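Comments concern the structure below.
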Amino acid sequence: MPLTNRHLLGLQGISKEDIQLILDTTKTFREVLERPIKKVPTLQGKTVVNLFFENSTRTRISFELAERRLSADSVNFSASASSVTKGETFKDTIRNIEAMKVDMVVVRHSAAGTPQFLTRVCDASIINAGDGIHEHPTQALLDMYSIKEKLGKLEGLKVCMVGDIAHSRVALSNIYGLTTMGAKVSVCGPSTMIPRYIEELGVDVIYDIDEAIQENDVLNVLRIQLERKAREYFPSIREYSKYFGITEERLEKNGKDILIMHPGPINRGVELSSSVADGLNQIILQQVTNGVAVRMAILYLLGTLN
């Protein structure tokens, strides 16, 4: 069965069946990535434009690789070298790009709601690669796939998002996706970084990192987003690391064999110690590999709807 929506704007409201379809399709493309020749002709003749208005390494390269490995024509848009710098409106920029007959648009923007806006001004399928502090659905999908790949299931697992919940689009998408798939989700971090409404989304709030380690199967540790003024929400980096940083000593003290994840980039010595970031419990680089497969799955599923 195809996806029920021709866009991927977020995981809020997306059905369990659609998520499962994406995860099942990801498994197929994950196998493709293990072949000597990692390219398939699935989207030959399709054109994808990558609109990245925010700096990105992993997400942008991951999408570019996914597009090329599906044999799609890939075009990268640079805001700094575009007519936007000459005063052209965002709407006119998008309409001009669409007039070139593109099939899909991958967009990353600092303003929440940008992907939804694009669906109103162009006919191409829109994929949200991160909009402000709203959602980052492809990251959450690759996180879910990585958990299932490692632990064999999602339903019934206890997953804790740790860190800057208030500024994290990754946290929000994970909460929507994991709860839909039957996982029990909690959040942990300084009280200043936990949104007041968060429990209304069906998650528990934990303020003690040791308790979070003891009670959960997975820790998805989020980056402290210094570029979004996150440092204003706690006394110092040292203080944050002391109370919420994940260290090998802390894991050993709690006697818990727990799965450690991180969407990257890591602030070593802040969210994770180097020994944990490079240790046996983490699957950080597997997440990166799975990110390409997840994005191949999404591009394929949306591309076949056009």
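Nothing in this text is a laboratory measurement; each read-out follows from the coordinates by a stated rule. All values reported here derive from a predicted model rather than from experimental measurement. We place every Cβ from the backbone using ideal geometry, glycine too, and count neighbours over all the protein chains shown.
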Value at 222 nm in deg cm²/dmol, rounded to 500, when DSSP H runs of n ≥ 4 in the chain each add -39,500 (n - 2.57): -11500 deg cm²/dmol
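Compute, for the chain, the length of the dipole vector about the Cα centre, with Cβ point charges of +1 (Lys, Arg) and -1 (Asp, Glu) only. Units Debye, rounded to 20. Working shown, then result.
On the way: 36 positive and 37 negative charges, 173 e Å.
Roughly 840 debye for the chain.
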Under a straight-distance cross-link criterion of Cα-Cα below 19 Å, which aspartates and glutamates are reachable from LYS16, leaving out those fewer than 8 residues away in the same chain? ASP24, GLU135, ASP143, GLU149, GLU155
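Charges only on Cβ, +1 for Lys and Arg, -1 for Asp and Glu: so what's the dipole of the range 178-227 about the Cα centre, in debye to the nearest 20?
Roughly 200 debye, rounded to the nearest 20.
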Signed unit charges on C-beta, dipole axis of the chain, positive-most listed residue GLN214, GLY269, GLY255: GLY269
Nitroxide proxy distance, nm - points 7 Å out along Cα→Cβ at GLU199 and GLU232: 2.7
For the range 65-169 the trypsin sites (Lys or Arg not before Pro) that pass both the DSSP coil test and the at-most-10 other-Cβ-within-10 Å test are LYS101
Mean shadow of the chain, computed from the convex hull of its alpha carbons, in nm²? 15.8
Taking r as the C-beta separation of ARG6 and LEU285 and R0 as 41 Å, the FRET efficiency to the nearest 0.05 is 0.80
Straight distance only, please: which lysines reach the Cα of LYS101 with their own Cα at less than 20 Å, same-chain residues fewer than 8 apart left out? LYS46, LYS91
Residue-wise HN-Hα coupling along the range 37-54, computed from phi with Karplus coefficients 6.51, -1.76, 1.60 (Hz; x: Gly, Pro): 9, 9, 10, 10, x, 4, 10, 4, x, 8, 10, 10, 10, 9, 9, 10, 9, 10
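Could you calculate the FRET efficiency of LEU305 with GLU155 from 1/(1 + (r/R0)^6), where r is the beta carbon distance between them and R0 is 35 Å, rounded to 0.05?
0.80
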May I ask you to list the lysines whose Cα is less than 17 Å away from that of LYS253, ignoring any residue fewer than eight positions away on the same chain? LYS242
Backbone N within the range 22-61 under 17 Å of label point (7 Å from ASP73 Cα along the Cβ vector): 41-51
Charge dipole of the range 1-51 about the Cα centre (unit charges at C-beta), most positive-ward option of THR4, THR25, GLY45: GLY45
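Report the charge-dipole magnitude of the range 137-287 in Debye, nearest 20, computed about the Cα centre from +1 at each Lys and Arg Cβ and -1 at each Asp and Glu Cβ.
Roughly 360 debye, rounded to the nearest 20.
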Pick out the long, greasy-scoring helices in the chain: whole DSSP H runs spanning 20 Å or more along their own axis by Cα, mean Kyte-Doolittle at least 0.0. 284-303
